[in-house]
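Below is one structure, written out as structure tokens; the observations come after it.
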Amino acid sequence: MAVVLHTGPLFWTRLCAMIFACVAFSVAVHGGQLQHGTGDWCIFCWAFSFAGTLLVLLVELFGLQARAPISWKNFPITFACYATLLCLSASIIFPLYYVKGDHSYSEVHNLRIVSTVFSCLATVCYMSEVSISKARPGEVAGYMATAPGLLKVCETFVACVIFVFVSEPVLYDRHDALKYCMSVYCICFILSAAVIVLCVGECTGCLPFPFARFLSGYALLAVVLYLSATIIWPIFNFDPKNGGNKDRPSQCSNAMGLCHWDKTMAVAVLTGVNFLLYLADLITSARLVFVSA
């Protein structure tokens, strides 16, 4: 089996990202003394990013792209985009729970700072990989290398974060309008994830209707649904007339991480973020001329 080593900017960017992610979770596991679930999430983010990047490098090193059961035009950039978002979330969550408020300057504290720094470096490297890999105007590339494809990765990731916030404690069972918002998050997430799976699995040709038409119609539907959720969620959570509370409770200042009100506000903000992502997706999908190789 021939070994093909392409030492271009993309290779070195991936190698650096892999090393930085490895250092981040290795240091955290070795001496970070992580006590609860947020630490496990950060470890998963770094370890998953490291393992995926190692897989991409090995496949390209041994020239196995053609034998892979997935589209190699779409998989590496899709993974890099998810790794960017995962490492970014870990870079925010880890210091929020394990560095903030700790003034002991002990060895554990210093190791946590090291993990945070290398997590930030890994995030920058993955962002650089996405920038290098994304399609340029007029370039023939896979759908996931285009702006709408990358936006769908962001949409699914934001939806996953929303699911985390609304699940513990459950934030949507107080009113039917909030259950409607939850259904919006689920429907749009499932459809966006299905588009990603179809593209990475090279199954878009199996659909009984034109894929481009489906993308435009789905983007329009998602914009309408998320616009309604962007309006409804704050009304039924922060308007006192509907049993909400517009002022942040005083006990939230002493809570570790995010309290109930903070999570509700985070969901409201993320709903607005996803609405903007779907709106950008609709605009770029309408303008995109997709040419398959």
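Per-structure values
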| read-out | value |
| --- | --- |
| When residues of region 173-211 are limited to those that are under 18 Å from the mean Cα position of the chain (by Cα) and among the aromatic types (F, W, Y), the one farthest from T271 (Cα to Cα) | F189 |
| Residue match in region 156-174 (condition: modelled with pLDDT of 90 or more, part of a helix (DSSP H, G or I), of a type outside the set (V, I, T) and in contact with a Leu (Cβ under 6 Å, 6 or more places away or on another chain)) | yes |
| Search result, residues across region 188-237 that are of a type in the set (F, W, Y) and either more than 27 Å from A177 (Cα to Cα) or open to solvent by less than 30 Å² (accessible area, probe 1.4 Å) (or both) | F209, F211, F214, Y218, Y226, W233 |
| Pair list, Cβ under 8 Å, 6 or more apart: region 179-190 residue among the β-branched types (V, I, T), other residue part of a helix (DSSP H, G or I) and at pLDDT 95 or above | V184/L225; V184/Y226; V184/S228; V184/A229; I187/L225 |
| Matching residues, region 247-282, being open to solvent by 70 Å² or more (accessible area, probe 1.4 Å) and modelled with pLDDT under 90 | D247, R248, S250, Q251, S253, N254, M256, H260 |
| Selected residue (criterion: surrounded by the fewest Cβ atoms within 10 Å (Cβ to Cβ)) from residues of region 44-89 that are among the β-branched types (V, I, T) and more than 14 Å from F11 (Cβ to Cβ) | I70 |
| Complete set of residues in region 202-236 that are in contact with a Ser or Thr (Cβ under 7 Å, 6 or more places away or on another chain) and modelled with pLDDT under 90 | E202, F211, L215, S216 |
| Qualifying residue in region 125-147 (condition: farther than 26 Å from L54 by Cβ, out of contact with any Lys or Arg (no Cβ under 9 Å at 6 or more places or on another chain) and part of a helix (DSSP H, G or I)) | no |
| Condition met for G217 (more than 30 Å from Y98 (Cα to Cα), in a loop (DSSP other than H, G, I, E, B) and of a type outside the set (F, W, Y)) | no |
| Pairs, first aromatic (F, W, Y) in region 139-168, second open to solvent by 10 Å² or more (accessible area, probe 1.4 Å), C-beta under 6 Å, six or more apart | F157/L85; F165/K263; F165/A266 |
| First in region 16-37 and aromatic (F, W, Y), second anywhere and part of a helix (DSSP H, G or I) and surrounded by fewer than 22 Cβ atoms within 10 Å (Cβ to Cβ), Cβ under 6 Å, 6 or more apart | F20/L121; F25/I43; F25/A47 |
| Single condition I92 does not satisfy, out of (1) under 19 Å from the mean Cα position of the chain (by Cα); (2) surrounded by fewer than 17 Cβ atoms within 10 Å (Cβ to Cβ); (3) under 17 Å from M144 (Cβ atoms) | (3) |
| Residue match in region 100-115 (condition: touching a Ser or Thr at 6+ places or on another chain (Cβ under 7 Å) and either at pLDDT 95 or above or more than 17 Å from L15 (Cα to Cα) (or both)) | no |
| Cross-chain or 6+ apart pairs with Cβ under 8 Å, region 61-83 first and closer than 22 Å to V195 by Cβ, then open to solvent by 20 Å² or more (accessible area, probe 1.4 Å) and among the basic types (K, R) | I77/K134 |
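Every residue, every condition in (1) modelled with pLDDT under 85; (2) of a type in the set (S, T, Y), yes or no:
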| residue | (1), (2) |
| --- | --- |
| S26 | no, yes |
| Q35 | yes, no |
| I43 | no, no |
| F62 | no, no |
| A66 | yes, no |
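The values are calculated or read from the model by the stated rules, or taken from the named source; none is laboratory data. Worth saying up front: this structure is predicted, and the values here are computed from it rather than measured. Here Cβ is always computed from backbone atoms with ideal geometry, including for glycine, and neighbour counts include all displayed protein chains. Ligands, DNA and RNA are excluded from the accessible area calculation, which covers all protein heavy atoms including side chains. Shrake-Rupley method; radii C 1.70, N 1.55, O 1.52, S 1.80 Å.
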